Amino acid sequence: MTTRTQERDSILRGIRVLDGGMASELEYQGAKIDGPLWSAHVLEDAPEKVVAVHRAYIEAGAQCILTSSYQVSRMGYAEFGLSAERADAALIHAVELARAACAEFPDRKIVVAASLGPYGAALHNGSEYHGNYGCAFADMVDFHRARIRVLAESASRRLAPGLLAFETLPSLDEAQAIGEALEPWPELTAWFCFTCKDDRHVAHGELLKECAAVVAQFPQTVAIGVNCTHPALLPALIGELRGASNHPIVVYPNSGEEWDAEGRRWTGTGDPASFGVKAGEWFAAGAQIVGGCCRTRPAHIRQVAEAAERQRRSVS
Ligand SMILES: [Zn+2]
């Protein structure tokens, strides 16, 4: 086993608590996030707000934080007349801001994961939630490879992310495209998280366990999971993941509220205490790392951290 492989295998050791939603928390910090490229505006105009969100999650107990680059891509930027260089710089800048927040907590081990949304997130039409992109497989490979290259080339620098977090993946096809995009850099470290439409299938319809078995074969993979999914589906989905590979399982579902398109409002409950109770169930079901996606806030992550601590005590 090479040193690099050992490093890769140990990066998530002891990590149980991931952060929560970035966009809604930025809004709460007073950042203007309307418009499809909110991340570009906030990264450039109000970087201190991004750092403040990271800080709030670390204070709540997060041991791994996702950068604010979910929607950053050359394709997405080009649509708004922004250059490829600006997109590339934003990817690195997002890592820089996450590292700046971590530096405020020198005694804590905190992993910085570069958030990389799916191809559909750059189309700005919600297509990441069904995965029918109408593009060629090669387009997806190119899309992902351009971002991976920027982060890979930063790897020799202090500002490299600890891992690449491919998230909200809707389909097996896109997971395979990322595997191909990653091929030139077998030394990188990545996790793959899928968005699911029911208790067995990813958004596009393939079985989650089939997707997990495929990404488990990539040399870069250190964890596999589910994000941006209704929390009620998690126990069954964790079971599917457990059967598919031996990789650590990472889950960060939405708060539990649902978007009522007709009434244009969120309905249902997503309160932090009940999220914490469910987090305890996900740990018990076999998840190693738990966090939150849409509509989750530092209060949810504080509950997740408490659930992680209760679970640690119960097994020791
Ligand atoms: Zn989400």
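Rounded to a whole number, what % of the accessible area of the chain do carbon and sulfur atoms account for, probe 1.4 Å? Display every interim value, and only then the final one.
Values: 6510 of 13070 Å².
Exposed carbon and sulfur together represent 50 percent of the surface.
So how far, in whole Å, is the C-alpha centre of segment 195-265 from the one of segment 29-66?
24 Å
With both partners inside segment 90-216, how many of the DSSP beta bridges are antiparallel, as a percent to the nearest 5?
Values: 2 of 10 bridges.
Taking every DSSP beta bridge with both residues in segment 90-216, the antiparallel ones total about 20 percent.
May I ask you to work out the translational diffusion coefficient for segment 66-159 at 10 °C, viscosity 1.306 mPa s, via Stokes-Einstein with Rh from the Kirkwood sum over Cα pairs, reported in whole µm²/s? If you can, show how the numbers build up before the last one.
Numbers: Rh = 14.3 Å.
The diffusion coefficient I find is 111 µm²/s.
Over segment 105-172, what number does the Rg to Rh ratio reach, with both radii from the alpha-carbon atoms and Rh per Kirkwood?
Details: Rg = 14.5 Å, Rh = 13.6 Å.
Radius of gyration over Kirkwood radius for segment 105-172 works out to 1.07.
Considering amide H positions built from the backbone, and no H for Pro or chain starts, which residues 5 or more places from LEU169, or on another chain, come under 5 Å of its amide H?
The list, which skips near neighbours in sequence, is CYS193, PHE194, THR195.
Output the Cα-based Rg and Dmax of segment 179-230 in Å, rounding Rg to one decimal and Dmax to a whole number.
For segment 179-230, the Cα-based Rg and Dmax read 11.7, 35 Å.
Along the charge dipole of segment 168-259, Cβ charges K/R +1 and D/E -1, which of ALA223, THR195, SER171 sits furthest on the positive end?
ALA223
Could you calculate the FRET efficiency of ALA100 with ASN246 from 1/(1 + (r/R0)^6), where r is the beta carbon distance between them and R0 is 51 Å, rounded to 0.05?
It comes to 0.90.
Please calculate how many Å² of accessible area segment 1-156 carries per residue, with a 1.4 Å probe and no DNA, RNA or ligand atoms counted.
42 Å²
Could you pull the Rg and Dmax for segment 230-316, using just the Cα atoms, both in Å?
13.6, 49
Considering only lysines 8 or more places apart in sequence, or on different chains, count the pairs in the chain whose C-alpha atoms sit under 24 Å apart.
5
Find which of ILE289, THR269, ALA279 sits farthest along the positive direction of the dipole of segment 261-306, computed with +1 on the beta-carbon of Lys and Arg, -1 on that of Asp and Glu, about the Cα centre.
After comparing all options, I get THR269.
Quick one: if you stick a label point 7 Å off each Cα along the C-beta vector at HIS130 and THR267, how many nm between them?
2.1 nm
Per-residue ellipticity at 222 nm for the chain, helices alone: DSSP H runs ≥ 4 residues times -39500 (n - 2.57), over residue total, nearest 500 deg cm²/dmol? Write out the running numbers ahead of the final one.
Details: 13 runs with 145 residues, N = 316.
Helix-only estimate at 222 nm: -14000 deg cm²/dmol.
With θ taken as phi - 60° and the coefficients 6.51, -1.76 and 1.60, list the Karplus ³J(HN,Hα) couplings across segment 72-85 in order, rounded to whole Hz; mark glycine and proline as x.
Whole-Hz 3J(HN,Hα) from phi for segment 72-85: 7, 7, 4, 4, x, 5, 4, 4, 10, x, 9, 6, 4, 4.
Under the Karplus relation 6.51 cos²θ - 1.76 cosθ + 1.60, θ = phi - 60°, what is the ordered set of whole-Hz ³J(HN,Hα) values for segment 137-152, x standing for Gly and Pro?
Each residue's phi maps through the Karplus curve to give 3, 4, 5, 5, 4, 4, 4, 6, 5, 4, 6, 4, 4, 4, 6, 5 Hz.
Show me, bin by bin at 20 Å from 0, the whole-percent P(r) of the chain based on Cα pairs.
35, 62, 3
Projecting each Cα onto the charge dipole of segment 67-182 (Lys/Arg +1, Asp/Glu -1 at the beta carbon, about the Cα centre), which of GLY76, ALA90, PRO106 comes out farthest on the positive side?
Most positive-ward Cα: PRO106.
The values are calculated or read from the model by the stated rules, or taken from the named source; none is laboratory data. A quick note: this is a predicted structure, and the numbers were derived from the prediction, not measured. Glycine gets a Cβ as well: all are built from the backbone with ideal geometry, and neighbour counts include every protein chain shown. We work out accessible area using only protein heavy atoms, side chains counted, and drop any ligands, DNA or RNA first. Shrake-Rupley method; radii C 1.70, N 1.55, O 1.52, S 1.80 Å.
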